[in-house]
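K.L.:
Pasting in a structure now, in C-alpha cells, and then I'll have a few things to ask.
The values are calculated or read from the model by the stated rules, or taken from the named source; none is laboratory data. It should be emphasised that the depicted structure is a prediction, and the values quoted were computed from it without experimental measurement. Neighbour counts are summed over all protein chains in view; Cβ atoms, including those assigned to glycine, are modelled from backbone coordinates with ideal geometry. Keep in mind that these areas ignore ligands, DNA and RNA; they rest on the heavy atoms of the full protein, side chains included. Shrake-Rupley method; radii C 1.70, N 1.55, O 1.52, S 1.80 Å.
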Amino acid sequence: MDSLTLRQPDDWHLHLRDGAALQSVLAHTAAQFARAIVMPNLKPPVTTTAQAIAYRERILAARPPGNAFEPLLTLYLTDRTNPAEMAVAKASGMVHGCKLYPAGATTNSDAGVTDIRRIDAVLEAMAAAGLPLLVHGEVTHSDVDVFDREARFIDTVLAPLRARLPQLRIVFEHVTTKAAVDFVRAQAQGVGATITPQHLAMNRNALFQGGIRPHLYCLPVLKRERDRVALLDAVVAGDPRFFLGTDSAPHARSTKENACGCAGIYSAHAALELYAEVFAQAGALQRLEGFASEFGPRFYGLPLNAGTITLQRSEWTVPAAYPFAGETIVPLRAGETLGWRLAPPVT
Ligand code: NCD
Ligand code: ZN
C-alpha cells in the first residue's frame, strides 16, 4: 500500500499555548486535523467559559488564511471551580469537557485539584450536564515512584470515582501503561482513552539512548516495553475506546535543554505520519482510520468529518528545528527520516 486516504482526523488532546507560541504551532495541527480538544493549562489557566470563548477567538484568529480548523475547548478544574459553571459551559456549545490536573502532576498544574473529593459537586454537575471529565491520570505523592503514578491513580482515584459516579463520562488522557489499558477495557461504557504517538512507538529506554534525551521527556513519562505492547495491542484490535490524542506539548529548545528541562514532546509537525509509521510496522494500517477519525467523535457525540486526507509512502527528513515564538523548538524525530508523508490538499 503506497497511499492511504482517510476521513479527515481530529486530535483529541493538544496543547496550543497562546500568543506567539500559538501562532508558531497552529499551522502544523491545522494542516492535518479538522478539530482538536485544546488543553486549558495556560498561565493563568482557562477556568471559565468566558475565558474559553476568548481563547477560542485567539485560536481562530491564528489560523492560516482559508483554514477551517475548529478548536474544541476545555476548562481547567481547580479546588474553587463553581459547580454552576458546568451548565454554562455545556450551554455554550464550545466547551467539550473539563480537565483534571492533580496539583503538581505536570506542566502548569500548580492551580490543579489538590484532592478530588473537593470537587465532588463539580463532577456531579458535569455528569448532569453531560460534560466529560478529562483526566491527567497520575498521583503526585513523592513516595510513589514516577513509573507507578498512573497505576496508583487508577486504584486510588479513578476506580473509586467510577464507583461513586458511574454516569460521569471520562477520558483517561495519554494512557501509558498496561494497567490503564486493562482498566479502560474492563469498563462497561463511558470511559475512553487517548494515546500519543510517542507512547506507541517508544519505551523508557529511549530516554537514555546514548545519553539523556530531554526531547523525549514528557509526562506521563515513557514506560516499559510490556506497557507499550499493551497500548499497541489496544489500537491494533480496533478497540473504539482508544483514540488519537497527540499530547503535542511545545516548549522552546532552551527550556528543554536545561538543567531542569520541561515535560512535553512536540509532535504536531508530523502527527499522522508518526502514527502511520507505528500502525504500518504493526501491519495494522487498516485500523488507523477508526483510531484517528471515528472513535473520538463518536465518544464526544460529534459528527464525523466529511473531508479526507491522503498519506503517501514517501521518505522525508524531519527538520532539526522549527521557529517558535522568537526561539526554536525541536520536534519529535528531528533530523530523522519518516516513511510516510501527508499529501498536499487537493484544491
Ligand atoms: C504537557 C504540557 O507541556 O503542557 N506536558 C507533557 O509532558 N505532556 C502537560 C501534560 O499534558 O501533562
Ligand atoms: Zn497534555
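K.L.:
Go through 235, 38, 3 and say which Cα lies farthest out towards the positive end of the charge dipole of the chain; charges sit on Cβ, +1 for Lys and Arg, -1 for Asp and Glu.
P.N.:
So the residue we want is 38.
K.L.:
Pull out the extension gain between residue 18 and residue 343, defined as 0.36 nm times the separation in residues minus the alpha carbon to alpha carbon distance; nm, one decimal.
P.N.:
114.2 nm
K.L.:
Here's a follow-up. Quick one: length gained pulling residue 92 to residue 61 fully straight, 0.36 nm per residue minus the C-alpha distance?
P.N.:
Going from the current span to full extension adds 9.2 nm.
K.L.:
Testing the spin-label approximation: label points 7 Å from Cα along Cα→Cβ at residue 167 and residue 226. State their distance in nm.
P.N.:
4.0
K.L.:
Same structure again: Express as a percent, rounded to the nearest 5, the fraction of DSSP beta bridges in the chain (both residues included) that run antiparallel.
P.N.:
35
K.L.:
Okay, moving on. How big is the Cα convex hull of region 1-140 in projection, averaged over all directions, in nm²?
P.N.:
Mean projected area for region 1-140: 10.0 nm², to one decimal.
K.L.:
Cα-Cα pairs above 34 Å in the chain: how many percent?
P.N.:
Of all Cα-Cα distances in the chain, 18 percent exceed 34 Å.
K.L.:
Report the Cα centroid-to-centroid distance between region 287-314 and region 46-75 in angstrom, as an integer.
P.N.:
That distance is 21 Å.
K.L.:
Note down the relative contact order for region 8-307 as a percent, whole number, built from C-alpha pairs under 8 angstrom at least six residues apart.
P.N.:
With pairs under 8 Å counted, the relative contact order is 18 percent.
K.L.:
Quickly work out the residue 255-to-residue 336 label distance, labels modelled 7 Å from Cα along the C-beta direction, and quote it in nm with one decimal.
P.N.:
2.4
K.L.:
In nm, to one decimal, how far is the residue 281 label point from the residue 148 one, both placed 7 Å along Cα→Cβ?
P.N.:
The modelled label-to-label distance comes out at 3.0 nm.
K.L.:
Would you kindly find the accessible area of residue 314, with a 1.4 Å probe and non-protein molecules such as ligands, DNA and RNA excluded, rounding to the nearest 10 Å²?
P.N.:
50
K.L.:
Want the number for residue 316 to residue 82: 0.36 nm per residue separation, take away the alpha-carbon distance, what's left?
P.N.:
Net length gain for the segment: 79.4 nm.
K.L.:
Next up: If you rank 254, 293, 142 by how much accessible surface each has, with a 1.4 Å probe, what is the order from largest down?
P.N.:
Largest accessible area first, the residues go 142, 254, 293.
K.L.:
Starting from a Cα-only point model with no solvent, please compute log10 I(q)/I(0) by Debye for region 46-101 at q = 0.12, 0.19, 0.26 1/Å.
P.N.:
Ignoring solvent entirely, the Cα scatterers give -0.29, -0.64, -1.01.
K.L.:
Using unit Cβ charges (K, R positive; D, E negative) and no other charged atoms, how large, in debye to the nearest 20, is the dipole of the chain about its Cα centre?
P.N.:
My answer is approximately 220 debye.
K.L.:
Report the calculated FRET efficiency for residue 155 and residue 233 (r = Cβ-Cβ distance, R0 = 22 Å), to the nearest 0.05.
P.N.:
0.50
K.L.:
Report relative contact order for region 203-347 in percent, whole number only (criteria: Cα-Cα under 8 Å, sequence separation at least 6).
P.N.:
It rounds to 24 percent for region 203-347.
K.L.:
If you build a Gaussian network model of the chain, linking Cα atoms that sit under 10 Å apart, which residue out of 303, 250, 40 swings the most?
P.N.:
303
K.L.:
Could you sort 69, 299, 208 by their accessible area in this structure, using a 1.4 Å probe and putting the largest first?
P.N.:
Reading off the accessible areas and sorting them downward yields 208, 299, 69.
K.L.:
To the nearest 500 deg cm²/dmol, what mean residue ellipticity at 222 nm is calculated for the chain from DSSP H runs of n ≥ 4 alone, each contributing -39,500 (n - 2.57), summed and divided by the residues?
P.N.:
Result for the chain, helices only: -8000 deg cm²/dmol.
K.L.:
Among residues other than residue 128 whose Cβ falls under 15 Å from its Cβ, what is the net charge (Lys/Arg +1, Asp/Glu -1)?
P.N.:
Result for the local shell: 0.
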